[in-house]
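Right, one structure below, let's go through it.
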Amino acid sequence: MLAALTGMGLSAAAGLNAYIPFLVVALIARFSDVITLPQSYAWVESWWAIGIGALLLLTEVVLDKIPAVDSVNDAVQTFIRPSMGGLVFAATSAAEGLDHSSWMTSHPWVGVVLGVVLSGLVHGGKTVARPAINAGTLGFGAPVASTVEDGASVGLSLVAVFLPVLVVLALALLAGLLVWLWLTVRRWRRRRDRRAALA
């Protein structure tokens, strides 16, 4: 059960930023015994994978803060984020030391599918909310929203690894935040449109 919660948290974090949970898993597996990846996923903690992940993270962090470019980036990430969610879910649910669930071991595809679906849902929420935020704030909200998303991805990744029992609460908060942002921007746009119509 703990491995499934860890996988869910990491997959949701990948929906916000594909490379943060990947690097969290890779670095923790490389420098500690908290996560011991199975041989089939040992490449995740290799220096070349960490280096490529860090370079991609830097690119994502920069591009995601530029209005309009962030929407193009989200379109490209539509394939990457769910795939990364599936990867980190599968890798951590198979990791020794997190859980010894015989059911998850016997059905490894379930972790991949759950990771892809959960990451895809979070990515979809982000992709819908971001253009509304950009339009509602004339682009000034993009760097703020991106920074909040990156922070949420880091926090959710660490909670997933070290306190997996809190993942359900963290996912509920994340869903609430996305809905609140979307509703707030919608309200703001309605007010702006009313003012423009009156003028």
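The values are calculated or read from the model by the stated rules, or taken from the named source; none is laboratory data. This one's a predicted model, so the numbers in the text were calculated from it and none came from an experiment. FYI the Cβ positions are ideal-geometry reconstructions off the backbone, even for glycines, and counts take in every protein chain you see. Heavy atoms of the whole protein, side chains included, go into the accessibility calculation; ligands, DNA and RNA do not. Shrake-Rupley method; radii C 1.70, N 1.55, O 1.52, S 1.80 Å.
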Check off (1) surrounded by 12 or more Cβ atoms within 10 Å (Cβ to Cβ); (2) modelled with pLDDT under 80 for A199 and give me the number that stays unchecked.
(1)
Meets criteria (among the charged types (D, E, K, R) and modelled with pLDDT of 90 or more) for E45
yes
Kindly provide the set of residues from the stretch 156-168 that are farther than 15 Å from V122 by Cα, part of a helix (DSSP H, G or I) and either open to solvent by 30 Å² or more (accessible area, probe 1.4 Å) or hydrophobic (A, V, I, L, M, F, W, C) (or both), ordered by number.
L158, V159, A160, V161, F162, V165, L166
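Quick grid of which residues meet (1) of a type in the set (S, T, Y); (2) open to solvent by less than 70 Å² (accessible area, probe 1.4 Å):
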position: D33; (1), (2): no, no
position: T36; (1), (2): yes, yes
position: V44; (1), (2): no, yes
position: A75; (1), (2): no, yes
position: T78; (1), (2): yes, yes
Counting only residues in the stretch 1-24 that are in a helix (DSSP H, G or I) and farther than 18 Å from E60 by Cα, the one modelled with the lowest pLDDT is identified as L2
